[in-house]
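Report on the structure given below.
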Amino acid sequence: MTSPPEARIGDATLGKAADENFPVAPFFLPRAWRDDLMAVYGFARLVDDIGDGDLAPGGADARHLGLEPERSDDRLAMLDAFEADLHRVFATTGDEPRHPLLRNLRPTVRRRALTPEPFLGLIEANRQDQKIRRYGTYAELAAYCELSANPVGRLVLALTGTTSPERVRRSDAVCTALQIVEHLQDVAEDLARDRIYLPAEDMERFRVTETDLAAPTAGASVRALIAYEAQRASDLLDEGPPLVGSVDGRLKLLLAGFVGGGRSALRAISAAGFDVLPGPPKPTKPSLLREVGIVLRRARGER
């Protein structure tokens, strides 16, 4: 099989931005911001695709990372090679990064003086996915979100030069919420990968078994559990309007898009009667725009 050209490798990964619950790099942002956000998104999307086994066929990603194409399915080896290539992004001497998306990330890292830690956290989250497939408590799940989601918000603040302790705290809450929402949408898909991101203590409380999660549609106990976790995410998203209100200009719209995206996804889950098992409830564009408007009004102190 002929491997796709480098440009197509990057395009296939970056094209997944359209499927996210929130706008990744909307048109109203300055071009430099859009380029930087897409460079970071390309990294985050690719590391998730490695961890989930969702890479394009043909082994091109493995080859770019210095592995044999047939090792594409060796997720831990791929993550190790990806981390080694990430270190080339930050190195001031030696070879340039091998993977096209990491070569694309290097100018952003240098222009914005980014540090390796958020990127390493995202890689470690995907390593954890290969080793841990169940979470006993919400605290354990939140610690996973600290690696899998919160670095993204911290990178957005760093890219836009707006990092502060309070903004980081609120951003972490929003990003954890967005991760929980995604987990709720993808219960069936995750279970097919032998992963459950619903805390076992909550499943026990609502008397939900793994067999219940494998059903074509959700029974009353599963719906109650999903509603409970959705409320938990909603409470975390309450940190969003103050975060949005703390920044100015087009960044305010971007952050409102993230928070509004989470809110509209929760509305889609609610509209489905909290039955997420047939497939992920997806928000509509009108719903997203409506929720963004609500977030912006709350950020201004309006009700």
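The values are calculated or read from the model by the stated rules, or taken from the named source; none is laboratory data. The model shown is predicted, which means the values in this text are computed figures rather than measured ones. As a convention, Cβ positions derive from the backbone with ideal geometry for all residues, glycine included, and neighbour counts pool all protein chains shown. For the accessible areas, the whole protein counts, side chains as well, though only heavy atoms, and no ligand, DNA or RNA atoms are used. Shrake-Rupley method; radii C 1.70, N 1.55, O 1.52, S 1.80 Å.
Scanning segment 51-61 for residues that are on the phi < 0 side of the Ramachandran plot and more than 22 Å from the chain's Cα centre (by Cα) turns up PRO57, ALA60. The set of residues in segment 225-258 being open to solvent by less than 20 Å² (accessible area, probe 1.4 Å) and part of a loop (DSSP other than H, G, I, E, B) consists of VAL247 alone.
Counting just the residues of segment 290-303 that are assigned to a helix (DSSP H, G or I) and of a type outside the set (D, E, K, R), which one comes out surrounded by the most Cβ atoms within 10 Å (Cβ to Cβ)? Here the answer is VAL295. Can you pull out the residues in segment 92-114 that are open to solvent by less than 60 Å² (accessible area, probe 1.4 Å) and either closer than 20 Å to THR163 by Cα or not charged (D, E, K, R) (or both)? Those that are open to solvent by less than 60 Å² (accessible area, probe 1.4 Å) and either closer than 20 Å to THR163 by Cα or not charged (D, E, K, R) (or both): PRO97, HIS99, PRO100, LEU101, LEU102, LEU105, THR108, VAL109, LEU114. The set of residues in segment 234-259 that are in contact with a Pro (Cβ under 9 Å, 6 or more places away or on another chain) and closer than 12 Å to ARG298 by Cβ comprises ALA256, VAL259. I'd like the full set of residues that are open to solvent by 60 Å² or more (accessible area, probe 1.4 Å) and either in a helix (DSSP H, G or I) or of a type in the set (D, E, K, R) (or both), limited to segment 144-168. Residues satisfying the conditions are GLU146, ARG154, PRO165, GLU166. Of ILE50, ILE9, all but one fail to be part of a helix (DSSP H, G or I), aliphatic (A, V, I, L, M), modelled with pLDDT of 90 or more and surrounded by 15 or more Cβ atoms within 10 Å (Cβ to Cβ); the exception is ILE50. Within segment 115-142, if we keep just the residues that are free of Cβ contacts under 8 Å to residues at least 60 places away in the same chain and over 20 Å from LEU86 (Cα atoms), the residue that is most open to solvent (accessible area, probe 1.4 Å) turns out to be LYS131. Of the residues that sit in segment 263-272 and are crowded, with 17+ Cβ neighbours inside 10 Å and among the small types (Gly, Ala, Ser), which one is farthest from the chain's Cα centre (by Cα)? Ranking the candidates gives ALA272 first.
Would it be correct to say that LEU184 is under 30 Å from THR108 (Cα atoms) and either open to solvent by less than 30 Å² (accessible area, probe 1.4 Å) or of a type outside the set (Asp, Glu) (or both)? Taking the combined requirement at face value, the residue does not satisfy it. Out of all the residues in segment 193-206, is one or more assigned to a helix (DSSP H, G or I), within 20 Å of ARG112 (Cα to Cα), open to solvent by 10 Å² or more (accessible area, probe 1.4 Å) and out of contact with any Cys (no Cβ under 9 Å at 6 or more places or on another chain)? Checked against the condition, which is being assigned to a helix (DSSP H, G or I), within 20 Å of ARG112 (Cα to Cα), open to solvent by 10 Å² or more (accessible area, probe 1.4 Å) and out of contact with any Cys (no Cβ under 9 Å at 6 or more places or on another chain), segment 193-206 yields no hits at all.
For segment 53-89, a residue qualifies if it is part of a helix (DSSP H, G or I), open to solvent by 30 Å² or more (accessible area, probe 1.4 Å) and touching a Ser or Thr at 6+ places or on another chain (Cβ under 8 Å), and the qualifying residues are ARG63, PRO69. Within segment 273-289, the set of residues being open to solvent by 30 Å² or more (accessible area, probe 1.4 Å), charged (D, E, K, R) and part of a loop (DSSP other than H, G, I, E, B) comprises LYS282 only.
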